[in-house]
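Note sheet for the following structure.
Since every read-out is calculated from the coordinates, none of them should be taken as a lab result. The structure presented is a predicted model; accordingly, all values stated were derived computationally and were not measured. Here the Cβ positions follow ideal geometry from the backbone for every residue, glycine too, while neighbour counts run over all protein chains shown.
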Amino acid sequence: MSGSQIFLQQLIIGLSNGMIIALIALGYTMVYGIIELINFAHGDLFMLGCFAGLTITGFLGLDQAEPGTSGTWFCLLLMLLLVPIFCGGLNWLVDRLAYRHLRESTKLAPLVSAIGVSFVFMNIGLLWGGVPMKVFGLGRAAAAPKAFPELVSNANLLGQSPVEFTGKDVMVLVVTLPLMLLLTWFVKRTREGKAMRAVAQDRLAAQLMGIPVDRVIGRTFLIGGALAGVASVVFAVYNNTIYFQMGYRAGIDAFTAAVLGGIGSLPGAVLGGVIIGLARAFCDQYLETRWTNVLVFAVLILVLVFRPSGLLGSRAKEKV
Amino acid sequence: MAARPKIPFHWSFLLVAALIPLVELILPGEHHIGDLLRPIFIMALLGLGLNILTGFTGILNLGVAAFMAVGAYSYAILTCDIYPFRLGFWCATLVTVLVGLAVGFFLGLPTIRLRGDYLAIVTLAFGEIVEDVLKNLDSITKGTEGINPLPAPSVFGYQFRPETYQPWYYLFLGFLALVVLINRNLHRSRIGRAWISIREDELASSCMGINPMKAKLLAFALGAAQCSLAGALWASYLGSSGEPGNYDFQVSIIALCMVIVGGMGNIGGVLLGALVITGFNSIVLETLTDFLKAHQLISSSNVFTAPGNWKYMLYGLALILMMRFRPEGLLPSRQLKAELHHQEPPVPPAS
């Protein structure tokens, strides 16, 4: 491969992973925008979504299926329908049971609670990995990473070119881009979206205008969780390995993306996600893989210290 | 209101702890409770370091394990034979505490003015960076092997040996008592009152002439110094720096659990939290696992039966339930309890 081909290849990998990170980051940024909570459990919710997807493939008996057959397409569609419902519902439930009671409490209380939820989710992922599924001959060592079946073909769409652009990359773009446009339309144009923006701006005033604040916040959790669910399906099909501790890393990447773009800003989250995806890919290629995480964390600290409002965020004063 | 006990919990805790090895010597038979308590003292030191930040000052720190790692690795580098320093126990511990102080100060310097949740994320990222750097700089830190072996400490001419645990026990207990004393005095001094007023209301305390940045920075440095002391003792206990993975995010969360479950801002509460959380981890879970194994109730093919696989669930539930029902902890400080249960007139709900 020539230098420019390597560059192009990393560009494709970074872009695809970046779009997945962006979907997770959207969930962070929506929740933060509305109740100023860093939803620490979001990454682990994403991880549980991957396990839900794996269970669906298990039920359909698709562990050895050939990619591209009608069965795999059906499975993909089913996962894109069910996993977001599962993740969104779970996120809504957690808000209802844990965070809602802490709204009037100190700011750190919901954050600590979210860390607790994250640990509970991680443990559920660990146990879920040990659930015996007859279709998987992967052993039952719960802590080991699990293989996710190849549902989309890995064949290169560019023919003989050494740069690989596969059906998986197409799938990532086809799923994520319309979803982002739909979300933007929803938040900007619909009545429900208007209510969300109003609650984000001033909760008390929104309440006085007759907006059911708690219900709107609950719906935000639902939508953010559903986005994480879509992200987990796309991620699992794209990368083919899932692991119960991956939620932590994915969550940090996505949170960094959200902060980099400007937390609370939807286009910012997408921009940040793509930047982080590209930065990871290029660091893997041109520096060393083992320093990639350090790079992401360094970006996170530097952005928080020098430009906490991010690239596209508005410089909001802290409410006293 | 119930009558307050004459002796505060932290002193009675230390007193009982001091008696345990003596009782074990008197009683016939083999005992090893004291042996198991040593890691609890070290974790209690870590918890007390975090308590200065989270309990007194109200700064959430999610990276105390990194300060502990800094302590363990500097102690290891200062004492191990393969490095040129080869300091004695006291000297190395003192230098390690100073290193921790400096690391806390220089991490706090640019980040301390950030708002609470952002600062928490910065400390988390710092913890991850330290772990990765220790892993990757293998020419200095020996990567995942850790620096070892470290010479056993020699205190006032007495050479410690791994097979007798009592000297270690009293060494760690002595450090714990010293730190408890220091923290109690800090808590009651001018700076301690400044920390608490910042926790209660930063704006109001700055109006009263407290410089919040200065006070927070001091809390950061002192908390980091205590955590690195815990790291140094941990390294001397292991005889190794331990591998970088020993100081990961989960350790930071365990320390946070100790402070929150025990009672934020209360020294006795943190000691109780360390006893409950670490004791649960290293004594209850282990014993239960051994018991189940002995009776063949654990099968390796079923992950649900191993108690260790439920550990994070319990830590997580502890955090969630404490925040929901008893945010002041099991053994609360009176001040925090009063604050958290202060009833404000409720805002009428919409519609």
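Taking the square root of 5 times each eigenvalue of the Cα gyration tensor, what semi-axes in Å does the equivalent ellipsoid of chain A have, largest first?
Values: eigenvalues 204, 113, 69 Å².
The three semi-axes for chain A are 32, 24, 19 Å.
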- How far apart, in nm, are the 7 Å Cα→Cβ label points at B:ASP290 and B:TYR158? 2.7 nm
- Message: I'm a student and want to see the number: the projected area of the Cα convex hull of chain B, averaged over all directions, in nm².
- Response: 23.5 nm²
- Query: Using a cut-off of 15 Å between alpha-carbon atoms, which aspartates and glutamates can reach B:LYS311, once sequence neighbours fewer than 8 places away in the same chain are excluded?
  - Reply: B:GLU286
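When the helices in chain A are scored as -39500 (n - 2.57) per DSSP H run of 4 or longer and the sum is shared across all residues, what 222 nm value do you end up with, to the nearest 500 deg cm²/dmol?
Values: 11 runs with 219 residues, N = 320.
Helix contribution divided over all residues of chain A: -23500 deg cm²/dmol.
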- Item | Residue among B:SER197, B:SER206, B:SER252 with the largest mean-square fluctuation in a Gaussian network model of chain B, springs linking Cα atoms under 10 Å | B:SER206
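Could I get the Rg over Rh figure for segment A:222-320? Both from C-alpha atoms, Rh via Kirkwood, rounded to two places.
Working: Rg = 14.5 Å, Rh = 14.5 Å.
A ratio of 1.00.
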- Which of these, B:ASP81, B:ASP138, B:ASP290, has the largest mean-square fluctuation under a Gaussian network model of chain B (Cα springs below 10 Å)? B:ASP290
- Expressed as cubic angstrom per residue, what is the convex hull volume of the alpha carbon set of the protein assembly as shown? 184 Å³
- Task: Give me the distance in nm between label points sitting 7 Å out from Cα along the Cα-to-Cβ direction at A:ASN154 and B:VAL16, one decimal.
- Result: 5.9 nm
- Query: Over segment A:206-273, how many percent of alpha carbon pairs lie in each 10 Å bin up to the one with the longest distance?
  - Reply: 18, 38, 31, 10, 3
- Comparing A:VAL83, A:VAL296, A:VAL174 in a Gaussian network model of chain A (Cα, 10 Å), the one with the largest mean-square fluctuation is A:VAL174
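What's the extension gain from A:SER161 to A:ALA147 if we count 0.36 nm per residue and subtract their Cα-Cα distance?
Numbers: separation 14, 0.36 × 14 = 5.04 nm, distance 2.80 nm.
Residue separation times 0.36 nm, minus the Cα-Cα distance, leaves 2.2 nm.
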- Message: With the cut-off at 1.5 for a/c, could you classify segment B:1-117 from its C-alpha gyration tensor as rounded, prolate or oblate?
- Response: oblate
